[in-house]
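Below: one structure, written as structure tokens.
The values are calculated or read from the model by the stated rules, or taken from the named source; none is laboratory data. Model, not experiment: these values are computed from the prediction. In this analysis, Cβ positions are derived from the backbone assuming ideal geometry, glycine residues included, and neighbour counts consider all displayed protein chains. The protein model used for the area step is the full one, side chains on, heavy atoms only, and it has no ligands, DNA or RNA in it. Shrake-Rupley method; radii C 1.70, N 1.55, O 1.52, S 1.80 Å.
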Amino acid sequence: MTESSISPQSLRIEDHLADFNSVSDAWYRLLDDMPNRQVFFTPLWGKTWWRHLGSGQLHLLSIHFGEQIIGIAPLVIRARTAALLGDKEVCDYLDVIIAPGGEQMALEALRNYGREKNIRVDLY
């Protein structure tokens, strides 16, 4: 994956809404390659947090480069702003789960997602 091979056609986002089951296998595969893996990054934590503390619209985004999933962005949308699933006052770490080397592409896809949906993407 190189930046020169990025095109709008090669990046796409699939929205799984609140369906943790449809994205959890890919989510765990990406976590296996994360050097700083935290419990707060797992689908189990996200699902538990959402069930007990969540509000707004849950959007579990899988970020694709061609046919490969390079990222998972668990987002909650409130008042035209998408933020990471969780609460920075409750969770020590929140993040987009991205395959090593796919960071630039995943962030570009999220930027495009925000533009298309006319929402602000706040990854604090």
Comparing HIS16, HIS52, HIS64 in a Gaussian network model of the chain (Cα, 10 Å), the one with the largest mean-square fluctuation is HIS52
Scan of the chain for GluC sites (Glu not before Pro) in DSSP loops with at most 15 other beta-carbon atoms within 10 Å gives a longest site-free stretch of 1-66
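Normalising by the residue count of the chain, find the relative contact order in percent from Cα pairs under 8 Å and 6+ residues apart. Before the final figure, lay out the partial values.
Numbers: 192 pairs, mean separation 34.7, N = 124.
Reported as a whole number, the value is 28 percent.
Name the shape class, rounded, prolate or oblate, that the alpha-carbon gyration tensor gives for region 82-124, where a ≥ b ≥ c are the square roots of its eigenvalues, rounded holds for a/c under 1.5, and otherwise prolate holds if a/b is larger than b/c and oblate otherwise.
Working: a/c = 3.56, a/b = 1.22, b/c = 2.92.
Cα axes put region 82-124 in the oblate bin.
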Mean-square fluctuation maximum in Gaussian network of the chain, Cα pairs under 10 Å, restricted to LEU44, LEU94, LEU85, hits LEU44
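Counting Lys and Arg as +1 and Asp and Glu as -1, what is the net charge of the other residues whose Cβ lies under 11 Å from the Cβ of PRO74?
On the way: positive: LYS47; negative: ASP95.
Spelling it out: positives minus negatives among the neighbours equals 0.
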Listed residues ILE63, ILE77, ILE98; largest mean-square fluctuation, Gaussian network over the chain with Cα springs below 10 Å, found at ILE77
Scoring only Lys, Arg, Asp and Glu (+1, +1, -1, -1) among other residues with Cβ under 11 Å from the Cβ of ALA99 yields -2
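With every protein chain present, what is the per residue accessible area of the chain (1.4 Å probe, Å²)? Write down the numbers at each step before the final one.
Working: 7020 Å² over 124 residues.
About 57 Å² of surface per residue is accessible.
Calculate what fraction, in whole %, of the accessible area of region 63-124 sits on carbon and sulfur atoms when a 1.4 Å probe is rolled over the protein chains. Don't skip to the answer; put the middle values down first.
On the way: 1410 of 3200 Å².
Percent of accessible area from carbon and sulfur atoms in region 63-124: 44.
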Read-out log10 I(q)/I(0) by the Debye sum over Cα atoms at q = 0.13, 0.21 Å⁻¹, candidates [x] -0.47, -1.40; [y] -0.71, -1.11; [z] -0.47, -1.28; calculated match is [z]
